[in-house]
Amino acid sequence: MITLHHLNNSRSQRILWLLEELNLDYKIQQYKRDSETNLAPASLKSVHPLGKSPIITDGNITVAESGAIIEYLISTYGSKLDEEQLTHPTAGTSSHWQFIYWLHFAEGTLMPPLVAKLVLDKAREKAKPWFVKIIANKIADKLMDAYYGPIIKTNMQFIEQHLAKNKWFAGEKLTGADIQMSFPLEAAVARGAAADLPNVTRFVKAIHARSAYQQALIKGGQYDYG
């Protein structure tokens, strides 16, 4: 039996969605973020040394990292399903290389500047007293204007242009690349960063409309971007 070690309001929501898309039997082990630090509880380290979600266990196999989990689940179980179900694109095709690219782009290129922006925004909020807040705001503004802001804008425009020509990230069929890309794009839409990106908004609406996604929301608990 597959177990998803699921942290509320986290990347593991997309793995829950994948499990529903694959129509697999699984169970959920729920973990809650610390109310003070917003970090995962120490108990997750008993499953994987880094103590970060998502993690799945499948018999004596433990897999961490969203991309690796997506690869494992689709490679192991996707081919057993009907042709219309979610599987890897055929090796060597254009769709296959798009799948590989976007699977890695999500965490390798897109997420780092988004996380940096989130950290800077938190620093602004928590900076005290007032004169420290002024300094923190100036530092954050300079970092965003000179570095992270332009990178985020370029990345989002690149995604927008790709989705203008493709229904899904690897073409006309849903793949694991769409599962992987869902989390950062949901966050962008929820935070108003995609207001002028209609294709990104269309993509997020399309995944939210899927019955498997809706079932995952019901089972997963708190998730701000759903």
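Every number in this text was worked out from the coordinates using simple rules, so none of it is lab data. Since the structure is predicted, the reported quantities are computational estimates derived from the model, not experimental observations. Glycine also receives a Cβ, built like all others from the backbone with ideal geometry; neighbour counts cover every protein chain displayed.
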**Prompt:** Do the alpha carbons of any pairs in K122/K165; K52/K219; K45/K219; K153/K205; K32/K153 sit beyond 25 Å of each other, and which pairs?
**Reply:** K122/K165; K32/K153
**Message:** If you average the alpha carbon positions of the range 13-52 and of the range 116-145, how far apart do those two centres end up, in angstrom?
**Reply:** 30
**Prompt:** When all C-alpha to C-alpha distances in the range 1-150 are sorted into bins of 5 Å, what percent of pairs does each bin hold, rounded to whole numbers?
**Reply:** 2, 8, 14, 16, 15, 14, 11, 9, 6, 4, 2, 1, 0
**Item:** Folded to 0 to 90 degrees: helix 149-165 orientation relative to the chain principal axis, Cα
**Value:** 30
**Asked** Against the longest alpha carbon principal axis of the chain, how many degrees, from 0 to 90 and to the nearest 10, is the axis of helix 111-126 turned?
**Response** 40
**Normalised convex hull volume, the range 152-197, alpha-carbon set, Å³ per residue** = 69
**Asked** For the range 124-166, what is the convex hull volume of its Cα atoms per residue in Å³?
**Response** 60
**Prompt:** Which value at 222 nm does the chain reach when only helices count, each DSSP H run of 4 or more adding -39,500 (n - 2.57), with the total divided by all residues and rounded to the nearest 500 deg cm²/dmol?
**Reply:** -16500 deg cm²/dmol
**Nearby lysines by direct alpha-carbon distance to K126 (threshold 21 angstrom, same-chain neighbours under 8 apart not counted)** = K117, K138, K142
**Translational diffusion coefficient (Stokes-Einstein; Kirkwood radius from C-alpha pairs) of the range 1-57 at 4 °C, 1.567 mPa s, in µm²/s** = 112
**Prompt:** In the chain, what percentage of the DSSP-assigned beta bridges are antiparallel, given to the nearest 5?
**Reply:** 60
**Percentage relative contact order, the chain, counting C-alpha pairs under 8 Å, at least six apart** = 24
**Fill in**
Here the Cα Rg-to-2.2 N^0.38 Å ratio for the range 94-210 is 1.21
**Message:** For Cα pairs less than 8 Å apart in space and 6+ apart in sequence, what is the mean separation divided by the residue count of the range 76-208, i.e. the relative contact order in percent?
**Reply:** 29
**Fill in**
Counting only DSSP loop positions in the range 157-223, the GluC sites (Glu not before Pro) whose Cβ has at most 15 other Cβ atoms within 10 Å are E172
**Request:** For each of D178, D34, count neighbouring Cβ atoms within 10 Å of the residue's Cβ, then give the residues from fewest to most.
**Result:** D34, D178
